[in-house]
1. With point charges of +1 on the Cβ of Lys and Arg and -1 on the Cβ of Asp and Glu, referenced to the Cα centre of the chain, which listed residue (LEU365, TYR310, GLY261) lies farthest in the positive direction of the dipole?
2. Tell me which of LEU116, VAL7, GLY277 sits at the most positive position along the dipole axis of the chain, charges placed on C-beta atoms (Lys, Arg +1; Asp, Glu -1).
3. Taking the dipole about the Cα centre of segment 26-173, with the C-beta of Lys and Arg at +1 and of Asp and Glu at -1, give me whichever of GLY41, PRO134, VAL86 is farthest to the positive side.
4. Assign one of three labels to segment 133-263, namely rounded, prolate or oblate, based on the Cα gyration tensor with a ≥ b ≥ c the square roots of its eigenvalues; rounded applies when a/c is under 1.5, prolate when it is not and a/b is larger than b/c, and oblate otherwise.
5. Please turn the phi angles of segment 302-312 into ³J(HN,Hα) values with the Karplus equation 6.51 cos²θ - 1.76 cosθ + 1.60 (θ = phi - 60°), one per residue in order, whole Hz, x for glycine and proline.
6. I need the phi-derived Karplus couplings for segment 195-200: 6.51 cos²θ - 1.76 cosθ + 1.60, θ = phi - 60°, integer Hz, Gly and Pro marked x.
7. Search the structure for amide H atoms under 5 Å from the amide H of LYS82, placed 1.01 Å from N in the peptide plane, and list their residues when 5 or more places away or on another chain.
8. Mind giving me the FRET efficiency for ALA102 and ARG69? R0 is 22 Å, r the Cβ-Cβ distance, nearest 0.05 is fine.
Amino acid sequence: MSDVIVVGAGVVGAACAYYCARAGLDVTVIDRGPVAGGTTGSGEGNVLVSDKEPGPELDLAVLSNRLWRSLAPHGGFEFEPKGGLVVAETDDVRRRLGELAAKQGVEHALVPAGELRDYEPHLAEGLAGGVFYPQDAQVQPMLAAAALLKHGAERFGHGTLRLRLGATVTGFLRSGERVTGVRTSQGDVLGGAVVNAAGTWGGEVAALAGVDLPVLPRRGFILVTEPLREPLVRHKVYTAAYVTNVASDSAGLETSAVVEGTPAGTVLIGASRERVGFDRTTSVPVLARLAAQAVALFPALREVRAIRSYCGFRPYCPDHLPVIGADPRAPGLHHACGHEGAGIGLAPATGHLLAQVLSGERPDLDLSPFRPDRFAQEAL
């Protein structure tokens, strides 16, 4: 029997397992597929504070940013503290970016139009300015999930971490009202607590326990270029429209230019958002729009070949906040899902805070804004 069962071996589940094991708890991670086989394996690896409105998600992002930096010495997941540059096409947008940065209260620098190319020499001409966020960073998400599980399993007087892959959770075990484990395609697993870290499928896992979580898939595409001999993009660079799209409630297609390089020399180009269920059909018009927006931002990309694309599903909640903490409707069940496109960046803080709760400690942040039952209360 484990102290904690984590359902989901993506980066959020891996972070929950890592911090629980480090807190001295015995952990079993269960996933129906491989490590990082869902949304994590289709992400860019964003570790951002720049795109968050002031409030609980930004607080979570600041804590998580600090934790990612403390994890970086472990190595193995290409942590790049390269900073993010948000650019504005017009003076009005530049002004609003500056106002947002002032309200966020995080480290930043206002960048006049004439200094943009000091940050990014290949940027297009005619941009009105921007804001640079030195805390923004990037990780390789699949490696990050694997590294967290690996380091969590290393025993130095801490708890244990076991991994069970290819096991589908089919139901929950209970003693009275309390959740005491899960039923899986490979047999029952007992645990003192269960953490639902199933990402986009978090709502389906919650339903097996008889509780409702409105987690919906929001599809996004990424274009990948051929490896470049010389770096073309120094930082994570995106237009102000990205911030607006992140906060949007629209089910329709939205795109905004997001461009960044990788240690392998490729350039990642995003970002698109649309609610189309779990449809993985490649949309050539969406990819064409992403390519055109990237070329408008970095004209030199016009001569670079795109070699592949991929898509993933962000776990979207109606209020754009993740679901983190104990579920009062099912004692023994905890949730760590619904992070939308910020799951990779927010994973360490999510795992750290849940480990504190499961260890009987007071969490470093107030988890009430992320409470699992808030949607039912709002519907009353």
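1. Of LEU365, TYR310, GLY261, it is TYR310.
2. Looking along the dipole axis, the top candidate is VAL7.
3. Towards the positive end, the residue furthest out is GLY41.
4. On the way: a/c = 2.79, a/b = 1.60, b/c = 1.74.
Oblate, since a/c reaches 1.5 and b/c is not below a/b.
5. 4, 9, 9, 8, 7, 9, 6, 9, 8, 9, x
6. Taking θ as phi minus 60°, the curve returns 10, 8, 10, 8, x, 4 Hz for segment 195-200.
7. Long-range HN contacts for LYS82: GLN138.
8. Working: r = 24 Å, r/R0 = 1.09.
It comes out at approximately 0.35.
The values are calculated or read from the model by the stated rules, or taken from the named source; none is laboratory data. Note that the structure is a prediction, hence the values are computed from the model and not measured. Please note: Cβ atoms are built from the backbone with ideal geometry, for glycine as well, and neighbour counts cover all protein chains shown. Quick note on the areas: whole protein, heavy atoms, side chains included, nothing else; ligands and nucleic acids left out. Shrake-Rupley method; radii C 1.70, N 1.55, O 1.52, S 1.80 Å.
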